[in-house]
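> Below you will find the structure I want to go over with you.
A short reminder: the numbers here are calculations on the coordinates, not readings from a lab. These numbers were taken from a predicted model, which means no experiment stands behind them. Every residue, glycine as well, gets a Cβ built from its backbone with ideal geometry; the counts of neighbours run over all protein chains shown.
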Amino acid sequence: MGRKRADAAHPLYLEQVSDGVLNPGEESAQIPMNAGHPVEMEPLYGDYPLDQAFDEMREPSGEVRAQYKALAETLASLPAQELQQRKQSMDLAFLTQGITFTVYGRDEGTERIFPYDLLPRLVTAQEWDRIERGLTQRITALNLFLRDVYFDAKILNDHVIPRDLVYSCKHFRRQMRGLQVPRNVYIAVVGSDLLRLNNGEFVVLEDNLRVPSGVSYMLTNRRVMKRTFPKLFASYGVRPIEQYPQLLLATLRSLAPEGRPEPNIVLLTPGVFNSAYFEHTYLARQMGIDLVEGRDLVTHDNIVYMRTTDGLKRVDVIYRRVDDDFSDPLIFRSDSSLGCAGLFNAYRAGNVTVSNAFGTGLADDKAVYAYVPKMIKYYLGEDPILENVETYLLSEEKDRKHVLANLDKLVVKAVGESGGYGMLIGPHSTAQKREEFARQIEANPRNYIAQPTLDFSRAPCLVGDRLEPRHVDLRPYILFGDKVNIVPGGLTRVALEKGSLVVNSSQGGGSKDTWVLE
Amino acid sequence: MLSRVADSLYWMSRYLERAENTVRQLDVTMGLMLDTGANVESRWERMVAALGKPATMEWNGSQEQMARKLVFDQVDPASVTYSVNAARENARQVREEISSEQWQRLNRLFHQIHSPHAQAQFSSSVSDMLASIIDGIYLFKGTTDTTMIHGQGWHFIRLGRYLERAYATATLLEVYQPDLFQQTAQERAGHMHLELVGLLRCCTSFEAYCQVYTADLSPDRILEFLLLNRDFPHALRYCVDGARQAIDGIQHTGGRRAPDELIASMGKLHAMLVYTSINEILAGDAAAFLHHIREQCLRIHELVYRYYVHYSIQSALAV
């Protein structure tokens, strides 16, 4: 906010008082191909390794999978520099459009372009059908679980999930006990992470039920891809995803408090220094709603208002991109200035909807995750369509012994973290790092889980002037208002470092457009 | 419109206007320093005074070093780079409110001034480098007028632009005014012509002045033109009219009704510039007149803040 500088000697330098620091900006080898390959694209491929990991584009024999044939032919037909040129013009577009994210831990507030790969990842209709059914089932069960835990706790009474596991979860919010949320929807916006294993099956790695991000990259990637490969795109019959912002708006509207037919919906952002700030502005603009920060909001008599140039205006629905902890200093962390004092009480009074609800992090705790297949069975009486990744709970003594003995082969994760922070990848770690983790595990076993180091699928990426396979995951975006709604596609994240298994944007990952075919 | 958003748009605009003003004054001053007999230090000091006397910009003997600092310093609030950074940072906080074209244009200006090329260009041709910054700012303004909805946000942008410009012009005239009238005839004869052209060029108004008065430069006419002309965008009267229209515009696009205090302040300023002749101003205390205008600009800024951005919750709930 602006104010006049007190020093009368510099009257012209009427200064705006900034809330943060101003940050200035930053920022062919041709190896013959396996003999007998059908399409002429040898120069592009170079030494493209195929091993036991599932390759999205090619069969183990080296043959290009049916759905990738048209793409492979297009690539082979383009002159070598053409791909480079298209890539460069796209990079420039991303930079001038300011499609960036912020990296923590280095220079605070450093902006980077989100690295982006030119080639789309293709998902067939059958594959998508299974993903869609599996996620719908899973989200439905997770939502029922949240409702149950915060009300009757039947699943705990029936000993399906250990009681202390739930109550010791750092994202469990006792304030949510017995609090009725609109339509019983706790998790309106979800972005689950899927991996594809060697057998070609998709499994769920994580359910991101708090404030999943990345959907803006899914949307901008698509826009850029349509411009870069228009003919190829048209020939493929790709299912559209551009309706996402509208669906999100409809989802939020469906959750508005009763008696508010024209709800005022806002997006609450932590502000410009958040890593996903670009996404917040993008979604707010696409939905035509106001982007608010905590300092724009005030509460009075359990009603939330925002400060406008026409006075205070009531807020009905908050699409929240601020973690629980920072949302309301009166209830959660008192040192946070990102939220709005009194927000939780207004929420409890039913005068404002906050989506996602508070306390949803309970259900994406990495230890609770291990029980999701049991939840699906318990609440829906069905077998899970999408499997979990095998998970060791370090609070169990037997598991812990096994894990500590095999740290060099396993991936260890802190249960309440996300974004690739607080993680040990055994095979790529140092002995010192492993020792450090072993100590932390012994000190607080409930805080960690371990999983096998997964050999998940790889997709071809443009590296220099050749194609090389890189590990990819898939994050579809799920909306849950009146019903579960999943736009066909999602963000395919890529571990851009050769051999790396880490796809998080904060850790050097990139992304690809994902084409779900008709 | 969210108060915070209005605040960011207003400041984005003010900072860009400030950058433009600084660049132009620097360009003119460096031009004047080339002439024989010019006292380099006093030229620099006058410019610094017209920029509001930032202490960090005191003459250290090296013109090159000072100019570079005034353009490129990252942390000094007087520098052009600082203003461009601040403008962009404000824009970044309201990305959803401005058009993508505006954002891209401003982003390009930002990357331009931070590129190594800018430093190199500064060494080879200061004038070209400064001109390219001003071009970037002009492009942003044009993009703003052609791609942004002319709603409340746009009016806040205009309000920021005109208040900043009015304040800067009043300061500039206040600083130049003693030189114009208090020098002896002999002193005037020498470089006076260049000085007068320089003053006009600080406000990009040399050609416009010639259209109205011919190239016959006299201090009182220049003062009349820069203070009282209705049609020239850098004249004070024009800026004040622009700010008044912006306040009206805010009200007509969903902002609250402008309070009487604000209307009165703007009205007084307007009346001062419409119903006073240059002879009356010169017969009286011209310095005090200019000073008063500056104070009114500050007052208007404070009132805008108090009513649109930083109002108390109690008063808002009482309505």
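> Which values, in whole Å and largest first, are the semi-axes of the equivalent ellipsoid of segment B:79-199 obtained as the square root of 5 times each eigenvalue of the Cα gyration tensor?
Semi-axis lengths for segment B:79-199 are 34, 21, 11 Å.
> I need A:PHE229, A:PHE202 ordered by Cβ neighbour count within 10 Å, fewest first.
Result, fewest neighbours first: A:PHE229, A:PHE202.
> How large is log10 I(q)/I(0) at q = 0.20 Å⁻¹ when the Debye formula is applied to the Cα atoms of segment B:1-147, each weighted equally and without solvent?
Computed log10 I(q)/I(0) values: -1.20.
> Give the order of B:ASP179, A:ASP47 when sorted by the count of other beta carbons within 10 angstrom, beginning with the fewest. If you can, show how the numbers build up before the last one.
Values: B:ASP179 17, A:ASP47 10.
In order of increasing Cβ crowding within 10 Å: A:ASP47, B:ASP179.
> Among the GluC sites (Glu not before Pro) in segment A:407-511, which ones are in a DSSP loop with at most 15 other Cβ atoms within 10 Å of the Cβ? Mind listing them?
Within segment A:407-511, the qualifying GluC sites (Glu not before Pro) (loop, at most 15 other Cβ atoms within 10 Å) are A:GLU417, A:GLU497.
> Please give the per residue volume of the convex hull enclosing the alpha carbon atoms of segment B:142-246, rounded to a whole number of Å³.
94 Å³
> What is the fewest-to-most order of B:TRP154, A:TRP515 by other Cβ atoms lying within 10 Å of their Cβ? Working shown, then result.
Working: B:TRP154 21, A:TRP515 24.
With the sparsest Cβ surroundings first, the list reads B:TRP154, A:TRP515.
> Starting from the eigenvalues of the Cα gyration tensor, five times each then square-rooted, give me the equivalent ellipsoid semi-axes of segment A:390-452, largest first, whole Å.
The equivalent ellipsoid of segment A:390-452 has semi-axes of 15, 13, 11 Å.
> Per-residue mean of other chain beta-carbon atoms within 10 angstrom of the beta-carbon, peptide B:88-95?
6
> Over all residues in A:301-308, what is the mean tally of Cβ atoms on other chains that come within 10 Å of each residue's Cβ?
The shielding value for this peptide is 4.
> Just list whichever of A:LYS377/A:LYS483; A:LYS154/A:LYS512; A:LYS69/A:LYS409; A:LYS313/A:LYS366; A:LYS231/A:LYS512; A:LYS413/A:LYS512 have alpha carbons separated by over 30 Å in the model shown. Numbers along the way, then the final one.
Values: A:LYS377/A:LYS483 20 Å; A:LYS154/A:LYS512 42 Å; A:LYS69/A:LYS409 36 Å; A:LYS313/A:LYS366 40 Å; A:LYS231/A:LYS512 18 Å; A:LYS413/A:LYS512 25 Å.
Checking Cα-Cα distances, A:LYS154/A:LYS512; A:LYS69/A:LYS409; A:LYS313/A:LYS366 exceed 30 Å.
> Out of the trypsin sites (Lys or Arg not before Pro) in segment A:435-518, which ones are loop residues according to DSSP with at most 14 other C-beta atoms within 10 Å?
Within segment A:435-518, the qualifying trypsin sites (Lys or Arg not before Pro) (loop, at most 14 other Cβ atoms within 10 Å) are A:LYS483, A:LYS498.
> Here is a further query. Could you tell me the center-to-center distance, by alpha carbons, between segment B:7-39 and segment A:381-415 in angstrom?
Spelled out, the Cα-based centre of one part sits 64 Å from the other.
> Then there's this: Scale the Cα Rg of segment A:325-368 by the rule-of-thumb value 2.2 N^0.38 Å and send over the ratio, two decimals.
Details: Rg = 11.6 Å, N = 44, 2.2 N^0.38 = 9.3 Å.
Normalised Cα radius of gyration, segment A:325-368: 1.25.
> Across the residues of B:161-168, average count of Cβ atoms on other protein chains within 10 Å?
Numbers: counts 0, 0, 1, 2, 0, 0, 3, 1.
Average neighbour count from other chains, rounded to a whole number: 1.
> Find, to one decimal place in angstroms, the Kirkwood hydrodynamic radius of segment A:163-275, where the mean of 1/r is taken over every pair of different Cα atoms and then inverted.
Working: mean 1/r = 0.0548 Å⁻¹.
Result for segment A:163-275, one decimal place: 18.2 Å.
> Could you give the semi-axes, largest first, of the ellipsoid that matches segment B:161-319, computed as the square roots of 5 times the alpha carbon gyration tensor eigenvalues and rounded to whole Å?
35, 15, 12
> Continuing with the same structure: Over all distinct Cα pairs, what is the inverse of the mean 1/r for chain B, reported as the Kirkwood hydrodynamic radius in Å?
20.6 Å
> Could you state the per residue volume, in Å³, of the convex hull enclosing the Cα atoms of segment A:194-347?
Roughly 172 Å³ of hull volume per residue.
> Something else about it: With the calculation restricted to Cα positions, what are the radius of gyration and Dmax of the protein assembly as shown in angstrom?
31.4, 103
> Using only alpha carbon pairs under 8 Å that are at least six residues apart, calculate the relative contact order of chain B and give it in whole percent.
22 percent
> Another one. Given the -39500 (n - 2.57) contribution per DSSP H run of 4+ residues, what per-residue ellipticity at 222 nm results for chain B, rounded to the nearest 500 deg cm²/dmol?
Mean residue ellipticity, 222 nm, calculated: -25000 deg cm²/dmol.
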